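For reference, the structure is listed below as structure tokens.
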Amino acid sequence: MIPFVDLKSQYRSIKDEIDAAIARVFESGQFVLGDEVAAFESEFAAASGAQYGVALSSGTAALQLALIAAGIGAGDEVITVPFTFVATVAAILYIGARPVLVDVDPRSFTIDPSRIESAVTSRTKAIMPVHLYGQPADMDPIRDIAARHGLMVIEDAAQAHAARYKGRPVGSLGDLACFSFYPSKNLGAYGEGGIVVTSRADFADQLRLLRNWGERTKYQHIVAAFNARMQGLQGAMLRVKLGHLEEWTERRRRHARRYNALLKDSGLGLPEEMPYARHVYHLYTVRTPDRAAIRAALDAAGIQTGLHYPVPVHLQPAYAELGYTAGAFPVSERVAREVLSLPMFPELTDQQTAQVADAVRTAISVKSEV
Ligand SMILES: *Cc1c(COP(=O)(O)O)cnc(C)c1O
């Protein structure tokens, strides 16, 4: 069996370091926030090219609190994409703002900058690009539009730890950037976690208040806020894993290069690393009109796959209230029907990537004979 991701083999590879980190937290008694979380915040912010990091309880909390810290609220509009994980759009709705969706680029699957400007209205406050699958959105034109219209740029970098745009790290490309440490992400906690990084001291200050009941001093609640704090254990374990992220990222990139070489001329649409990008392959996602057949053949061969994402957000029943109908975003809708994610995690072996590629090629040739 080849799993889609394998968190157990990663744990085994760093078990001694993780177990020591757990022991440190238990000895310290700092189970919520604390020194380990504070150290992780500085280390992760530095790695992301930002001044400040505010560690939170999830990536979704990061998106929600970043929007509030940026001064966005009820009645405001935020521009983002329908081809993403639902959390991006949900976070905008949580704060009472309106998600205004624009279609993605068919090569990068990230927001199509040429479609943004016509979605800007007098109520628009921010653009929220999603660095989907680990590839940064095309940030320069996005920042130009934001500057012209006085908009915030909030990166949804949940899938893109250590990715770069024109050499600059994701996390330093907008006013605020939101990361998730859900266990299967490129940098994953052993539980839930997230962070907002920013180089604006006022935003960081707001975020610290928002995550912890608006308390600057005990019993003084100066803003209406939340419990969205990171656990001490997660901070300590994430510090350990951050030390391995670069090596794990290089392994993902190597697996992607192997898949690309082995699947060249297979007829599949292969992921493209855009000229401006360092893609970190959170997901290795191919495109094929024969997705169902190929997926079933891989499943029969013991190879797990994933769909990211089979239904764009605007066609999900939960978000019908947004008022978009089928046909509103043709690129997102077509891509959603064709994408198939192959196993991708740092600990994959060359033998496993070869086995996956073989199984895919066999499935395609069987399909073309019938
Ligand atoms: C995972 C993810 C989120 C949400 O992060 P959680 O930590 O699961 O709350 C948001 N946006 C995108 C694009 C994601 O992939």
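The values are calculated or read from the model by the stated rules, or taken from the named source; none is laboratory data. Quick caveat: nothing in here was measured; it's all calculated off a predicted structure. Cβ atoms come from the backbone with ideal geometry, glycine included; neighbour counts cover every protein chain shown. Surface areas here come from the heavy atoms of the whole protein model, side chains and all, with no ligands, DNA or RNA. Shrake-Rupley method; radii C 1.70, N 1.55, O 1.52, S 1.80 Å.
Data overview
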read-out	value
Matching residues, the stretch 62-85, being open to solvent by 10 Å² or more (accessible area, probe 1.4 Å) and near the ligand (Cβ under 10 Å from one of its atoms)	Gln64, Phe85
Unique match (being open to solvent by 30 Å² or more (accessible area, probe 1.4 Å) and touching a Gly at 6+ places or on another chain (Cβ under 6 Å)) among Arg295, Arg287, Arg229	Arg287
Of all residues making up the stretch 201-223, the number that are open to solvent by less than 90 Å² (accessible area, probe 1.4 Å) and either touching a Ser or Thr at 6+ places or on another chain (Cβ under 9 Å) or without any contact (Cβ under 8 Å) to a residue 24 or more places away in the chain (or both)	10
All positions within the stretch 143-161 that are of a type in the set (Gly, Ala, Ser) and open to solvent by less than 30 Å² (accessible area, probe 1.4 Å)	Ala146, Ala157, Ala158, Ala160
Qualifying residue in the stretch 235-257 (condition: more than 26 Å from Phe345 (Cβ to Cβ) and either modelled with pLDDT of 95 or more or surrounded by fewer than 18 Cβ atoms within 10 Å (Cβ to Cβ) (or both))	no
Criterion (modelled with pLDDT of 95 or more, under 25 Å from Ala162 (Cβ atoms) and among the basic types (Lys, Arg)) met by exactly one of Arg123, Arg107	Arg107
Breaking point among (1) open to solvent by 10 Å² or more (accessible area, probe 1.4 Å); (2) at pLDDT 95 or above; (3) β-branched (Val, Ile, Thr), for Thr198	(1)
Matching entry among Ser48, Ser58, Ser118 (being open to solvent by less than 20 Å² (accessible area, probe 1.4 Å) and of a type in the set (Ser, Thr, Tyr))	Ser48
Qualifying residue in the stretch 28-35 (condition: part of a helix (DSSP H, G or I), in the same structural domain as Val153 (by TED's automatic domain parsing), more than 15 Å from the ligand (Cβ to nearest atom) and more than 22 Å from Asp156 (Cβ to Cβ))	yes
Out of Lys264, Lys166, sole residue that is open to solvent by 50 Å² or more (accessible area, probe 1.4 Å) and either among the hydroxyl-bearing types (Ser, Thr, Tyr) or without any contact (Cβ under 8 Å) to a residue 24 or more places away in the chain (or both)	Lys264
Long-range neighbours under 6 Å by Cβ, at least six apart or interchain, first residue modelled with pLDDT of 95 or more within the stretch 22-36, second basic (Lys, Arg)	Val32/Arg229; Leu33/Arg229
Condition check for Tyr190: in contact with a Pro (Cβ under 9 Å, 6 or more places away or on another chain), modelled with pLDDT of 95 or more and over 25 Å from Phe83 (Cβ atoms)	yes
Residue that is surrounded by the most Cβ atoms within 10 Å (Cβ to Cβ) [pool: residues in the stretch 122-138 that are away from the ligand (no atom under 16 Å from the Cβ) and in contact (Cβ under 8 Å) with a residue 40 or more places away in the chain]	Asp138
